[in-house]
Amino acid sequence: MPKKLNEQQLHELKDWLQSHEIVYKNLHRDFSDCLPVANLLKKFYSKLVELHNYPPRNNTQLKVNNWETLNLKVLSKIGLQQNKQMLEKFAKAIPGAIESLLYDIMIIDREQQQQKAGDHQINEQEKIWTENDEIMTVTVNKRIGDGLIQVPQKMILYSLYEEAIKQCQAKDNYITAAQQKITHLENVIQLKAERIDELCAQLAKVSVRNLLSHVNRLEHSHSGPVLNDNVSIGSNFKENGSEENITI
């Protein structure tokens, strides 16, 4: 059973329909086909309602078919799904049926308007606050012991808080990337240092070998003339006919 509206609710519904420029002669008959309701919902849910799905109907069964399509595609998605019995009452223009549905649509519309007004008020307040100052001091009640005292507390806009969080996250990401680069460079420096030590050790070995080779050459160069003198002396002794002196 549709909920029965009282006189005040019916008056509110009539004013609401007039505010949306809904003109009708007989509410029950004019809304027995769902097309007027679809046109009304199109204002609130433009992407959800496709009017070509609801061609005008005169036959009751075809009207029920239209209502079933609207119920499936729109009403069920905005929390106003109707049962088969109610859809038939809409199509048969049963008094009280369409009023109940329209009143529910009116409630949703008013809630949306209130939400938009609240959001607009918050935006305006933030705009005024931003223009005046980024930080505002407010007085709050704080319990100390058994009593309450008023203490000043600084507050900032939530949008400024969100922006500060984003900036901190960006800085954290930058610091993390920088630390990774520093670690990589430290590893490269360590590898370079180890390579330098290795090359220095090899250079030292080469220097020692070169030094020993030079010393050996010097020793050989000094020992050559001495041997020549001995051979010369030995020759002189041989010429003098002394074999022993040559052996010595």
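The values are calculated or read from the model by the stated rules, or taken from the named source; none is laboratory data. Keep in mind that this is a model prediction, so the values were computed, not measured. Counting neighbours? That spans all protein chains shown, and the Cβs are built from the backbone with ideal geometry, glycine included. The area values use the complete protein model at the heavy-atom level, side chains included, leaving out ligands, DNA and RNA. Shrake-Rupley method; radii C 1.70, N 1.55, O 1.52, S 1.80 Å.
Quick notes on this structure:
- Carbon and sulfur %, accessible surface of segment 7-126 computed with the full protein complex present, 1.4 Å: 48 percent
- Segment 7-32 and segment 52-115 have Cα centres lying 14 Å from one another.
- Measuring against 29 Å, Cα to Cα, the residue pairs Lys4/Lys84; Lys25/Lys63; Lys42/Lys84; Lys25/Lys89; Lys43/Lys166; Lys47/Lys171 contain Lys43/Lys166; Lys47/Lys171 as the ones spanning a longer distance.
- Accessible-area ranking of Thr183, Thr69, largest first, probe 1.4 Å: Thr183, Thr69
- Label-point separation in nm, Asn216 to Lys171, each point 7 Å along Cα→Cβ: 6.8 nm
- Three-way shape label, segment 1-63, alpha-carbon gyration tensor, a/c 1.5: oblate
- Placing unit charges on each Cβ (+1 for Lys and Arg, -1 for Asp and Glu) gives segment 157-215 a dipole about its Cα centre, and among His184, Ala164, Val208 the Cα reaching farthest toward its positive end belongs to Val208.
- Local net charge near Arg57, Cβ-Cβ under 9 Å (Lys/Arg +1, Asp/Glu -1): 0
- Rounded to the nearest 20 debye, the dipole size of segment 7-126 about its Cα centre is 660 debye, using +1 on the Cβ of Lys and Arg and -1 on the Cβ of Asp and Glu.
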